[in-house]
Amino acid sequence: MNASRAAVLAFPGRLASFRREGWPMVPITILAVLALLAIFADVIAPHDPQVGLLGERFRPPAWQQGGSTAHLLGTDHVGRDVLSRLIFGARVSMVVGFTAVIFAGVVGTVLGILAGYLGGWVDQVIMRVTDAWLALPALTFAIFLAAIVGPSEMNIVIILGLVYWTRYARVVRGEVLSLKERDYVRLAIVAGCSKRTIMRRHILPNVVNSAIVLATLMLGVVIVTEAALSFLGVGVPPPKPAWGLMLADGKKGLMAGYWWLTVLPGVCIMLMVLSANLIGDWLRVKLDPQLRQL
Amino acid sequence: MSETDAPLLAVEGLTTHYVSARGTRVTRAVEDVSFTLGDGETLGIVGESGSGKTTLALSLLRLLPPAARTIAGAIRFEGENLLTKSEAELRHIRGKRMAMILQDPMASLNPLFTIGDQVGEPLRVHEGVSRRGAWERARELLGAVRISAPDARVRNYPHELSGGMRQRIVGAIAISCGPRLLIADEPTTSLDVTIQAQYLSLLRELQRAQGLALIFITHNLGIVARMCDKVAVMYGGRIVESGPVRRIFGAPAHPYTRALIESIPKLGDSNGRLTAIDGQPPDPAALPGGCAFHPRCPARLERCAVDRPHDTAVGDEHRTACWLHG
Amino acid sequence: MKRFVIRRVGYALLSLVVLSATFFVFVRLTGDPSVLLVEPGASKADIDAIRADLGLDKPLLVQYAVFVKGLLRADFGRSFYYRTPVLELYLERLPNSLLLAVVAMAFSLAIGIPSGILAAVRVNGWWDRAGKIFALLGLSMPSFWVGLLLILFFSVYLGWLPSSGSGTPWHVLMPAFALGWYFAAAHMRLTRSSMLEVLGSEYIKLARLKGLPEALVIGKHAFKNALIPVLTLAGINLVLMINVAVVVETVFAWPGVGRLLFEGIAFRDFPVVQTTVILGGVMIIVVNLAVDLMYAVIDPRIRYER
Amino acid sequence: MTPLLEARGVVKHFPVRGSLFGGSQKVVRAVDDVSFVIEPGATLGLVGESGCGKTTTAKLVLLLERPTAGEIRFDGESLATLDAEGLRRYRHSVQAVFQDPYASLSPRMRVGSIITEPLVTNERLSAAELATRLRKVLDLVGLPARAGELFPHEFSGGQRQRIAIARALALSPRLIVLDEPVSALDVSIRAQILNLLKDLQRELGLAYLFIAHDLAAVAHMSHVIAVMYLGRVVETGVARTVAVHPRHPYTKALFAAALPAHPDDSRDDIVLVGDVPSPLDPPSGCRFHTRCPQVMMPRCSTDEPQLACVDARDVACHLYDRV
């Protein structure tokens, strides 16, 4: 064995692995608590979220004058327990948020990869639709779709998926275009790999990170959109307890100063969205340094 | 101190470290570096990636990134220690008495301002020349770097000019205030061979015309051979050998320098084996103890792994840090 | 330059075609579009009349042609509720929306640009951290909730500002702030990141090497370059504001096009819904085009690179 | 003996697409009428500056692009007419190593699966056989067997280039296209890799297409050199002959521009003026005439010179026309 062979025995340490950065515990905890509430809502919630006692209308939270421990966070305009509705509302937001994000993410990622890698007319068709749909403000587009299909939780998921897949497609395609020019993709062709193999083995794993980062950031957007749709009355149909719907109801007591009906559901939305964004930001730095500037 | 005796630039024991965000990791990018440079001389600083040569250049101008700090040493430029200067005082030195050309001259021009504006800017700031006067001088400077039709070019935006012209313009900016020292940090790595030759001959012309001292920072020994009077070889943040170019190429004292010179293929003698240096350049954040080169050194002694060799004179102006000569 | 313009216009036209086709397809997908297009509670004869009018028995392409012809003549139908042409209703509301959007934009730029620049210049410092929290809050607090909180505080508790309606300058403040809030965060983020990118560029290094005072480096060399993407985004966002104001306008009963859209939903007035959404899309496509073309004028690089 | 690879009059034009709403079609003449031969076990070196078409030539040989005109033959068989089986055989025989060792290894795959990917794709092998082959090629390039379990980011640039070479060797190819294999590496690593490539060639009888802008490295590695300028070969011949006594003015300038290995190496200072013209719009006649320090004849700007034998090598220059 000559010198040129035996050259490399010392490995530098993991060059690219950076310091283990602290996990964002606060947002993870918040999301975990909300998830637990959503899963065990039936057990945890003290009252039926959909049935109210008219005699108990507009009860303030327990610590205010006139409040009672029976309704820790007070009651709404038809006497329903706010705490129970918030707990069940977490379920709605979680289910709608996650399914819509995953639905949009899968569709968008797949189409983005196909458009980016195959190019040609496939790319033209997918990207022209993407561009035109991106031109529409997401909220109004969703309202339009909701006006056509009518409100239901299932429809909301489909609508949000239809509206938001374009974001993934755009980002993923852009990334694929640059991946496609990477030498390791060229070498895979030289090695005789088929297009399917290349997309599966060399392209997909390298865009998954961006897709996941985008998904966490989209989770917040989707939840806000769902709340807005429900607030406008084209989202989750009453009397289901969605946070957006609660805000719309809460507006009825606003001028009378029944603050808890407005503040509390909003705080829930904010906490959830904030947590999703914080985790998304952290993931972005962690998984994909190129996206830091996004 | 009389200006005639002191060298133009004397760097003594310069040490610059990078400290990671939490202060847990220290990268000794530049460690105890000393050299001098006289008026009109050309010094080549050679090193591989991670050897600390760019950090050295930025330390000289005191334009280090926030994570880096010069923690020891002195930089005497025209008799004054730059390390004790305030930011405002430094501004009067940068661009006026000491200029620098960056790695990517093509990206160094601001896309939104005209050539005339950018070339004349140092004059307006440092010498208070009027807008019109700066414009006039910019035109002369473009002529000085051999750009044809300077009257039209001053009005152009950078993207309207070819790559070669943009490099010349960066050269024009560097000499606009008549500096005494020009630092060029790998100014030709991104260039094609023939374009590189153009740029090198332009730099040499400017140097002769203006009587500039020049520091050339590069990984390429060929550039040093062509351009420089003196050379300093860096490895692991330290200067391992320095001296006149002919001496270093003729009789290199440090095993690293010798291996580097021998590892380059030479035109005309093909088919022989090249002398390769084993192993990899060290990670600047985790330098080996003793002499940083010892794990790769073909002539290492036992003490090389333990003790750091001292800087020793091995000839007229020729110094090296190696136990073979200690 | 000419080719660039032709191409941008071409893409814009294509987007409009895709957009109209999208609407058309979605409406047909529901099964019988006449249900949507006819007033709630209409008689069988009315439905048949609409069917015949739209030619629902004809091939899809013919139907699409009828649909596009209507759009091209700016014939968006009549509102079921107001019984007037939808376009008139829309144009009546547009100035209010525009006013709201302009004030909201002023808010968002006044907050977003200075805080973004400060965050970038003092990167990782105190200002940067505060800005980051602000940006995250902006993205996480839905504008309608911000609106409700504003009402609660300024109208109900303090009684300083009117909670709904329009007419005086006081009326516009709260809805504009609620609307601008989200965008302020977006503008801050973009200002910060584009400023950071510019500050890391070679030409900023050269500006420092020239010995320019820091104020000149930031104010002249960095600012202009960093501001271009922000102003581009602001241009697009202004139009976006008109179109996403629907929730804020609903909260404050502000008589803009968003409110019109909400009424359209509430009264099952499909022509109104469809028109506001289509016109919103058209507006945004046109503004995108305008911004791209203006970009080419402001930034001398683009003219040649295409 | 049939040459291993033969290119005859190969042309590659790229239309500059104005996308959907295009406007006028322009054409980049990346490679324009290029011919060369690679013998088994020998190295052909392609030299030239950026935009001269050397990388496009590599892509054509690797079938990453199809030629606009002309023909490439491997073992006497035209690549244009290969059937699926022939294409498989060709992929089996021709592999590549590219410039950037950071971009040529898929970051999410282990080194072992990167190296064996060509084997898995082309041959049916048991896991044990794969492991044996992996160990064999790792050994050939001087990497320890445990390297296969690591990820690319755990290696330095020089080590990654060894991995890339190991991958290229996995199928026991007969020709390896080396596109700037050392220019992204640290100076002290380059000699290691060049020596390794030479050793492998001698032991395995490999042929190389060695592409670089560094003349000295090309001259050192190659048996035959071809110098390209704006899509054309301007001078080609035995490496020593061309390197020591270049004839074409461009080759001369290129050699003059090449940096000396010693300060006493005196060279004629031929500094070319101007930038390389755009291949979108190459000059008429001899493409080099706009920068040629020796341009003297009117026909340089009108007639395109053809390759002709001068002093034991082929030169395309009117200076050497025999009237």
Quiz item: Each residue of segment B:99-113 in order: what ³J(HN,Hα) in whole Hz does its phi give by Karplus 6.51 cos²θ - 1.76 cosθ + 1.60, θ = phi - 60°, with x for Gly and Pro?
Solution: 10, 9, 10, 8, 4, 10, x, 5, 9, 7, 9, 6, x, 9, 10
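At 1.4 Å probe size, with every protein chain present, just tell me what the per residue accessible area of segment A:2-293 comes to in Å². Intermediate values should be presented prior to the final figure.
Values: 11600 Å² over 292 residues.
Averaged over the residues of segment A:2-293, the accessible area is 40 Å².
In Å², nearest 100, what accessible area do chains B and C bury in total when the solvent probe is 1.4 Å? Working shown, then result.
Numbers: alone 16020 and 16960 Å², together 30710 Å².
Chains B and C together bury roughly 2300 Å² of accessible area.
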Quiz prompt | Listing of segment D:49-71 residues, each with accessible area lower by at least 10 Å² in the full protein assembly than in the chain alone (probe 1.4 Å) | solution = D:49, D:50, D:59, D:62, D:64
Practice problem: Could you tell me the accessible area of residue A:77 in Å² (1.4 Å probe, neighbours in place), rounded to the nearest ten? | Solution: 40
Quiz item: Under 18 Å from the Cα of residue A:252, which lysines turn up, not counting those fewer than eight places away in the same chain?
Solution: A:240
Quiz item: If you average the sequence gap of Cα pairs under 8 Å that are 6 or more apart and divide by the length of chain D, what percent do you get for the contact order?
Solution: 20
Quiz item: Rounded, prolate or oblate: which one fits segment B:179-246, using the alpha carbon gyration tensor with axes a ≥ b ≥ c (rounded when a/c is under 1.5, else prolate when a/b beats b/c, else oblate)?
Solution: oblate
Exercise. Please tell me the relative contact order of segment A:2-293 in percent, rounded to the nearest whole number, where contacts are Cα pairs under 8 Å and at least six residues apart.
Key: 21
Quiz item: Can you pull the three principal axis extents for the Cα set of segment A:95-149, in Å, largest first?
Solution: 35, 23, 17
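Starting from the Cα gyration tensor of chain C, take the square roots of the eigenvalues, sort them a ≥ b ≥ c, and report rounded, prolate or oblate (rounded when a/c is under 1.5, otherwise prolate if a/b is larger than b/c, else oblate).
Values: a/c = 3.13, a/b = 1.54, b/c = 2.03.
Verdict is oblate for chain C.
Dividing the alpha-carbon Rg of chain A by 2.2 N^0.38 Å yields what?
Values: Rg = 24.2 Å, N = 294, 2.2 N^0.38 = 19.1 Å.
So chain A has a normalised radius of gyration of 1.27.
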Practice problem: Report, in degrees rounded to the nearest 10, the 0 to 90 angle that the Cα long axis of helix A:153-180 makes with the longest principal axis of chain A. | Solution: 20
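From the convex hull of the Cα coordinates of chain B, what is the mean projected area in square nanometres? Walk me through the intermediate numbers first.
Values: hull surface 75.4 nm².
One quarter of the hull surface, i.e. the mean projection, equals 18.8 nm².
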Practice problem: Just tell me which lysines come within less than 28 Å, Cα to Cα, of residue C:44; anything on the same chain fewer than 8 places away is out. | Solution: C:58, C:69
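In Å², and per residue, what accessible area does segment C:93-266 have when probed at 1.4 Å with the other protein chains present?
Details: 6270 Å² over 174 residues.
The answer is 36 Å² per residue.
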Quiz item: For residue D:69 and residue C:156, what is the calculated FRET efficiency with R₀ set at 56 Å and r taken between the beta-carbons, to the nearest 0.05?
Solution: 0.10
Quiz item: Tell me which aspartates and glutamates have Cα within less than 14 Å of residue B:85's Cα, excluding those fewer than 8 residues away on the same chain?
Solution: none
Practice problem: Could you work out which residue, out of C:181, C:254, C:126, moves most in a Gaussian network model of chain C, that is, has the largest mean-square fluctuation with Cα springs under 10 Å? | Solution: C:126
Exercise. Round to the nearest 10 and give me the degree value, 0 to 90, for the angle of helix C:44-54's Cα axis relative to the longest principal axis of chain C.
Key: 60
Practice problem: Work out the FRET efficiency for residue C:127 and residue A:29 from their Cβ-Cβ distance, taking R0 = 35 Å, and round it to the nearest 0.05. | Solution: 0.80
Quiz item: With each pseudo-label sitting 7 Å past Cα toward Cβ, what's the residue C:43-residue A:178 distance in nm, one decimal?
Solution: 6.5
Practice problem: Name the residue farthest towards the positive end of the dipole of segment D:166-285 from the options D:250, D:225, D:270, assuming +1 on Cβ of Lys and Arg, -1 on Cβ of Asp and Glu, about the Cα centre. | Solution: D:225
Quiz item: For helix A:82-118, what angle does its Cα long axis make with the longest principal axis of chain A, in degrees from 0 to 90 and rounded to 10?
Solution: 20
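Between residue D:27 and residue D:81, 0.36 nm times their residue separation minus their Cα-Cα distance comes to what? Intermediate values should be presented prior to the final figure.
Working: separation 54, 0.36 × 54 = 19.44 nm, distance 2.55 nm.
16.9 nm is the gain from fully extending residue D:27 to residue D:81.
For segment D:1-120, count all C-alpha to C-alpha pairs, find those more than 16 Å apart, and express that count as a whole percent of the total. All intermediate terms of the calculation are to be shown ahead of the outcome.
Numbers: 4955 of 7140 pairs.
The answer is 69 percent, as a whole percent.
Counting only protein heavy atoms and a 1.4 Å probe, tell me what percentage of the protein assembly as shown's accessible area is made up of carbon and sulfur. Intermediate results must be reported in sequence, preceding the final value.
Values: 29980 of 50780 Å².
Answer for the protein assembly as shown: carbon and sulfur cover 59 percent of the accessible area.
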Self-check item: Unit charges on C-beta of K, R, D, E only; dipole of chain D, Debye
Solution: 620
Quiz item: Ignoring ligands, DNA and RNA, how much accessible area is buried between chains A and D, both sides summed, with a 1.4 Å probe, to the nearest 100 Å²?
Solution: 3200
Practice problem: Return one whole number: the accessible area per residue of chain D in Å², for a 1.4 Å probe. | Solution: 39
Quiz item: With every protein chain kept in the model, how would you rank B:108, D:126 by accessible area, 1.4 Å probe, largest at the top?
Solution: D:126, B:108
Quiz item: Which translational diffusion coefficient, to the nearest whole µm²/s, is obtained for segment A:109-216 from the Stokes-Einstein equation, given a Kirkwood hydrodynamic radius over C-alpha pairs, 4 °C and 1.567 mPa s?
Solution: 86
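What average count of beta carbons from other chains do you get within 10 Å of the Cβ of residues in B:194-206? Don't skip to the end; give the middle numbers.
Details: counts 15, 8, 5, 10, 6, 1, 3, 3, 1, 0, 0, 0, 0.
Per residue, the number of nearby Cβ atoms from other chains is 4 on average.
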Practice problem: Take segment C:93-266, compute every pairwise Cα distance, and split them into 5 Å bins from 0; I just need the percent in each bin. | Solution: 2, 9, 16, 17, 16, 13, 10, 7, 5, 3, 2, 0, 0
Quiz item: Of C:53, C:292, C:75, which has the largest mean-square fluctuation in a 10 Å C-alpha GNM of chain C?
Solution: C:53
Self-check item: Dimensions (Å) - chain D, Cα atoms, principal axes, largest first
Solution: 68, 54, 46
Exercise. Per residue of D:101-109, count partner chain C-beta atoms within 10 Å of its C-beta, then hand back the mean as an integer.
Key: 6
Quiz item: Nearest 20 debye, what's the magnitude of the dipole of segment C:93-266 about its Cα centre given +1 on Lys and Arg Cβ and -1 on Asp and Glu Cβ?
Solution: 520
Quiz item: Chains D and B: what accessible area do they bury, summed, in square angstrom to the nearest 100, with a 1.4 Å probe?
Solution: 3800
Quiz item: Heavy-atom accessible surface, probe 1.4 Å, ligands and DNA/RNA ignored: which residues of segment C:1-22 lose at least 20 Å² versus the isolated chain?
Solution: C:3, C:7, C:10, C:11, C:14, C:15, C:18, C:19, C:22
Quiz prompt | Those residues of segment B:204-224 whose amide nitrogen sits under 18 Å from the label point placed on residue B:63, 7 Å along Cα→Cβ | solution = B:213-218
Quiz item: Just from its helices, what would the mean residue ellipticity at 222 nm be for the protein assembly as shown, if runs of 4 or more DSSP H residues each count -39500 (n - 2.57) and the sum is divided by every residue, rounded to the nearest 500 deg cm²/dmol?
Solution: -16000 deg cm²/dmol
Quiz item: Do any residues of segment D:178-205 lose at least 50 Å² of accessible area when the full set of protein chains is present rather than just their chain alone, and if so which, with a 1.4 Å probe?
Solution: D:186, D:187, D:188, D:191, D:192, D:195, D:199
Quiz prompt | residue D:26 long-range amide H proximity, modeled H, under 5 Å | solution = D:16
Exercise. Express in whole angstrom the spacing between the alpha-carbon centres of segment D:289-323 and segment B:138-171.
Key: 33
Practice problem: Can you tell me the equivalent ellipsoid semi-axes for the protein assembly as shown? Use √(5λ) from the Cα gyration tensor, largest first, whole Å. | Solution: 61, 37, 32
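With the contact rule set at Cα under 8 Å and sequence spacing of 6 or more, what percent relative contact order holds for segment C:181-306?
Value for segment C:181-306: 18 percent.
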Quiz prompt | Candidates C:61, C:99, C:293, ranked by Gaussian network fluctuation over chain C, Cα under 10 Å, top entry | solution = C:61
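If we count every other residue with Cβ under 10 angstrom of residue B:253's Cβ, Lys/Arg +1 and Asp/Glu -1, where does the sum land? Could the numbers behind the result be given before it?
Numbers: positive: B:247, B:258, B:319; negative: B:241.
Charge balance near residue B:253 sits at +2.
The values are calculated or read from the model by the stated rules, or taken from the named source; none is laboratory data. Computed from a predicted model, the values in this text were never measured in an experiment. Positions of Cβ are generated from backbone atoms using ideal geometry, with glycine treated the same way; all protein chains shown enter the neighbour counts. To get the accessible areas, we keep the full protein, side chains included, count just its heavy atoms, and leave off ligands, DNA and RNA. Shrake-Rupley method; radii C 1.70, N 1.55, O 1.52, S 1.80 Å.
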